[in-house]
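One structure is given here, and the rest of the page talks about it.
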Amino acid sequence: MQVYEHIKQLLTLQGAKHKQGRHTEEADLSIIEDAAVVVDAGSIAWLGKRSELPSQFSHAPRVRATGSVWIPALVECHTHLVFAGDRALDFSKRCGGMTYQQIASSGGGILSTVKHTREASSKQLLERAKRSLHAFAERGVACVEIKSGYGLSLESELKILETIQRLQKESPLELIPTFLPAHAIPPEFKGRTHDYVSEICKTWIPEVSRRGLAVFFDVFLEDGYFNARETRTLCEKALEHGLKIKLHADQFTDQKGAELAVALHAQSCDHLENVSPEGIRALAKSNTVAVLAPGASLFTGTAYPPARALIDAGAQVALTTDFNPGTCPSHSLPLMMTLACTQMQLTLAEALVAATFNAAAALGKTDGYGTIEVGKPVRVWQVEAQTYQEIAYAFGETRGTSLQSPITPN
Ligand SMILES: [Zn+2]
């Protein structure tokens with residue numbers, strides 16, 4: 001047992017939990033000033049004001065947490081971190097004026113990463129991915145969702161999902177695997193999207209489900225990729241096989257993706273830069289979390305998602321880096337919080353809840369993450385700061401240390 005004391009601010013997020021992460025106000029961060037936390041066998045046994053520490057804990061060893069703000073560990077709910085090669089050339093083309101879609105049709109884009117990923121060995125994929133996980137851990141993250149989607153053949157998609165499984169054996173972070181075979185149409189199926197969708201439904205989904213290699217199933221619903229009808233077919237098959245749904249939707253064009261995500265009871269609907277007013281209303285009335293990726297907008301120089309409209313309508317909004325080699329090679333959720341505040345007009349409190357409680361909700365993980373409360377395992381980011389406002393203020397340079405009990409992966 002240990003008593004951590006002199007915590008400058010302890011943000012339990014009890015209020016945010018009570019409101020399901022919607023319409024967050026600063027009071028919902030449930031801040032305790034000059035706090036103490038008692039940790040016993042990896043779980044929180046007591047928390048409150050230091051002056052109110054019960055006498056039964058007064059003889060336990062003390063740790064001075066002076067100069068730190070405690071927040072729930074960050075949750076990264078959307079990444080593509082198993083891949084090979086980089087896309088620096090794409091970036092230079094984009095800086096020269098080409099669009100994402102023009103680069104994709106000239107041999108760059110997702111398919112260039114697919115080529116490198118197919119050629120890479122499992123060991124190469126594993127080593128690169130480990131560096132990414134380390135970078136996330138250094139920036140306060142305790143739980144990371146990882147998508148496949150740079151293989152696009154059964155063999156190479158399995159190679160990616162198995163890499164995630166191996167990563168979990170070595171990583172102190174909890175990893176949530178997502179199967180994303182419909183990320184792009186592979187070269188072998190060019191002009192035959194229907195055949196590719198049938199193949200995924202007939203063979204790939206049953207195989208991945210049977211082997212327990214994924215929790216979620218995801219589709220890139222977009223003009224030139226997979227349309228709403230194909231997305232629905234794929235997702236219904238995945239649901240039949242026990243996978244839960246996430247969608248990449250309404251990123252470049254409004255495809256009524258938000259409405260479809262809600263109809264499919266998706267855990268989250270991600271991107272939404274071009275979501276319609278009807279899509280916003282549908283999300284607000286649902287339990288589907290709206291996951292926003294301001295880093296992708298920054299990096300590609302495109303419009304930001306309508307975060308303010310989503311939050312004001314009552315949607316549960318989460319933040320992600322969308323870490324991937326093409327549109328956001330950043331591991332910093334605190335930087336995404338800054339972007340959310342400066343570019344999407346979130347308050348600091350809304351941004352903080354979006355990167356913790358709501359990001360956990362986007363993975364169905366609020367039991368283990370997103371709040372600091374008695375009885376829960378310790379999953380805390382101890383930020384070197386005097387106030388929580390410094391986290392987004394520090395512009396991606398927030399420093400801190402993680403405090404977390406070992407995970408028991410599913
Ligand atoms: Zn993505």
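Points to keep in mind about this one:
- The residues D86, D254, when put in order of fewest to most other Cβ atoms within 10 Å, stand as D86, D254.
- Ranked packing of 190-199, 148-157, 18-27, most packed first, by mean Cβ within 10 Å: 148-157, 18-27, 190-199
- Rg and Dmax of the chain, Cα atoms only, in Å: 21.0, 72
- Each of A214, L260, P277 was scored by the projection of its Cα onto the charge dipole of region 196-293, and the greatest displacement toward the positive side belongs to A214; charges sit on the C-beta of Lys, Arg, Asp and Glu.
- Across K19/K49; K244/K365; K246/K376; K147/K285; K115/K190; K169/K365, pairs whose alpha-carbon gap is larger than 18 Å: K19/K49; K246/K376; K147/K285; K169/K365
- Prolate/oblate/rounded call for region 79-194, Cα gyration tensor, a/c under 1.5 rounded: oblate
- Averaging the Cα positions of each part gives two centres, and for region 233-292 and region 326-397 these lie 22 Å apart.
- Gyration tensor verdict on region 238-374 (Cα atoms; rounded if a/c is under 1.5, prolate if a/b is larger than b/c, oblate otherwise): rounded
- When you restrict to C-alpha pairs under 8 Å that are six or more residues apart and normalise by the size of the chain, the relative contact order lands at 20 percent.
- Here C341, C143 are placed in order of increasing Cβ neighbour count within 10 Å, fewest first, which gives C341, C143.
- The helix-only estimate of mean residue ellipticity at 222 nm for the chain, built from DSSP H runs of length n ≥ 4 each weighted as -39500 (n - 2.57), is -10000 deg cm²/dmol after division by the residue total.
Values in this text are rule-based calculations from the coordinates and carry no lab data. Because the structure is predicted, anything quoted here is derived from the model rather than measured. Heads up, the Cβs are rebuilt from the backbone with ideal geometry, glycines too, and the neighbour counts pull from every protein chain shown.
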